[in-house]
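Here's a structure for you.
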Amino acid sequence: MKKILLFLFLGAVGFTAYSCDNSDDTVVEQGKDTYSTAYDIIPKFNKEDSFTYHFDDAFNSALLESDVVLIYLQTGLTTNGAPIWKLLPYTEYPNNGADKVEYSYDFSKFDIGIDVRSTNGVNLDNNPGYYTNKKFRVVIVPAKTGTSKNAAAATVDYSDYNSVIKYYNIDESKIKTK
């Protein structure tokens with residue numbers, strides 16, 4: 001009887017040791033079990049608000065404490081008409097680089113803010129082209145990405161808009177303007 005218990009014990013330990021082996025390099029694919037989304041906004045900046053635009057109503061239902069907000073500014077179009085997106089913070093250098101206009105953002109669980117700031121002499125009051133009819137794409141993604149022993153396999157280049165959309169399986173045809 002003691003020999004049977006010994007073999008059962010050794011079998012259970014061996015089975016447990018074999019089944020707990022985590023030596024695979026499998027990356028958890030994003031977008032399947034998580035919810036990522038994107039919205040377009042065209043904010044109305046003004047001097048009274050120091051060229052800062054805050055919004056919360058449209059995102060309270062989608063924004064969780066564990067989410068990350070990425071905001072991209074449309075800076076132009078490619079030759080085939082596709083938009084060119086630049087991750088904020090982003091700096092434009094008008095007047096052959098003598099001036100700077102900076103676009104940045106912040107976010108919390110409760111709101112998201114976009115700022116337009118000028119330095120080196122650009123007067124935003126006299127240059128509405130830097131803040132009027134600017135299109136921003138707000139992308140909300142989960143903070144926790146896939147895990148892997150090979151860390152490089154589980155990363156995404158957030159500065160590359162197309163990589164983010166692909167990695168998080170965001171359907172651009174469903175992006176709406178808020």
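The values are calculated or read from the model by the stated rules, or taken from the named source; none is laboratory data. None of the values given here were measured: they were computed from a predicted structure. With ideal geometry, Cβ positions are generated from the backbone for all residues, glycine too; neighbour counts draw on all protein chains shown. All accessible areas refer to the heavy atoms of the entire protein, side chains included, with ligands and DNA or RNA removed. Shrake-Rupley method; radii C 1.70, N 1.55, O 1.52, S 1.80 Å.
Conditions first: (1) farther than 25 Å from S173 by Cβ; (2) within 19 Å of the chain's Cα centre (by Cα). I84 passes all but one, so which condition is the exception?
Of the numbered conditions (1) farther than 25 Å from S173 by Cβ; (2) within 19 Å of the chain's Cα centre (by Cα), the odd one out for I84 is (1).
Specify which of the listed residues (F45, F51, F55) is in contact with a Pro (Cβ under 8 Å, 6 or more places away or on another chain) and either open to solvent by 70 Å² or more (accessible area, probe 1.4 Å) or modelled with pLDDT of 70 or more (or both).
None of the other options fit; the residue is F55.
Within segment 69-81, is there a residue that is at pLDDT below 90 and surrounded by 13 or more Cβ atoms within 10 Å (Cβ to Cβ)?
Looking through segment 69-81, none of the residues is at pLDDT below 90 and surrounded by 13 or more Cβ atoms within 10 Å (Cβ to Cβ).
Hey, does segment 115-129 have a residue that's touching a Phe, Trp or Tyr at 6+ places or on another chain (Cβ under 9 Å), under 17 Å from L88 (Cβ atoms), among the small types (G, A, S) and at pLDDT 85 or above?
yes
Another question, if that's okay. Just to verify a result, which residue in segment 131-149, among those that are at pLDDT below 85 and either hydroxyl-bearing (S, T, Y) or under 22 Å from the mean Cα position of the chain (by Cα) (or both), is farthest from L73 (Cα to Cα)?
The qualifying residue farthest from L73 (Cα to Cα) is S148.
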